[in-house]
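The block underneath contains the structure these notes are about, expressed in structure tokens.
What follows is calculated from the coordinates using simple rules that are stated; it is not laboratory data. Values in this document were obtained by computation on a predicted structure and should not be read as measured data. Here Cβ is always computed from backbone atoms with ideal geometry, including for glycine, and neighbour counts include all displayed protein chains.
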């Protein structure tokens, strides 16, 4: 095996190893933020080895999400090739100065939407977990950050238009990073959406011998579960409940019925 092939295999292995580690880390971080919202430290109830298995569902949904993004990217490129010839993928992401306003607007939305969605999620979280005066402060601050980010992206476009063919890998890496960031923000926001805005619950029942013990009801909201624990939140008492599964012979989990809207993440909740 020559040196070039060896380096290629080593690079591939490092990339796969790094990507796998980052996906696990981001999944744990996403769950940590969600449970921390309800004053639960998920790291106290889950081991690293268990986290790898528990987040396989999210990673599988991430693969589906990546497939959808790739398909959307291909369709977008195909449409651009029909109306604008010739054009390369990098030209869609970083439009030339002579590009029409619609092309520039589409490219700008693609570039800033993940960060914009992050700011939107922060504002919603602030709305549900802070006093009104703090909410308006964060709202005004994040609007300013959004405007500065838009101006920064446009400024970067003007600087790299002439060299975009030489830095296309960095540009695509930015968009891949933003797509992954958006995935986890969207997943977290969807979880909080089910709790805060709609109070959609699922039925969880524990069985001890032949005795049926409901763990959720109109007041007690299901948050999630691990191999050894079930996490709920008492809406009336405003406190979290951690239930050890060892005290039950078995547990039965229902499904979220009539989920509002549409999201690829709904497959995680059925």
ask   = What is the calculated FRET efficiency for residue 9 to residue 81, with r their C-beta to C-beta distance and R₀ = 41 Å, to the nearest 0.05?
value = 0.75
task = Binning at 10 Å from 0, report for the chain what percent of all alpha-carbon pair distances ends up in each bin.
result = 5, 22, 28, 23, 14, 7, 1, 0
task = Within 10 Å, count the other beta carbons around each residue, average over each peptide in 240-252, 23-35, and list them highest first.
result = 23-35, 240-252
ask   = Between residue 176 and residue 106, what is the label-to-label distance in nm when each label sits 7 Å out along the Cα-to-Cβ direction?
value = 2.3
request  = Using a Förster distance of 51 angstrom, determine the FRET efficiency expected from the C-beta separation of residue 154 and residue 234, and round it to 0.05.
outcome  = 0.60
ask   = Relative to the first principal axis of the alpha-carbon coordinates of the chain, what is the inclination of helix 3-36, with its axis defined by its Cα atoms, in degrees from 0 to 90 and to the nearest 10?
value = 50
query = To the nearest 10 degrees, how steep is helix 132-160 against the longest Cα principal axis of the chain, on a 0 to 90 scale?
reply = 30
note = Between residue 208 and residue 143, Cβ-based FRET efficiency (R0 51 Å, step 0.05) works out to 0.45
task = Starting from the Cα of residue 71, step 7 Å along the direction of its Cβ; do the same at residue 251; then give the gap between the two resulting points in nm.
result = 3.3
ask   = Sorted by packing (mean other beta-carbon atoms within 10 Å per residue), highest first, where do 159-172, 111-124 land?
value = 111-124, 159-172
message = From the helices alone, meaning DSSP H stretches of at least four residues, give me the mean residue ellipticity at 222 nm for the chain, per-run term -39500 (n - 2.57), in deg cm²/dmol to the nearest 500.
response = -20500 deg cm²/dmol
remark   = The helix 101-129 Cα axis meets the longest alpha-carbon principal axis of the chain at an angle in degrees, between 0 and 90 and rounded to 10, of 20
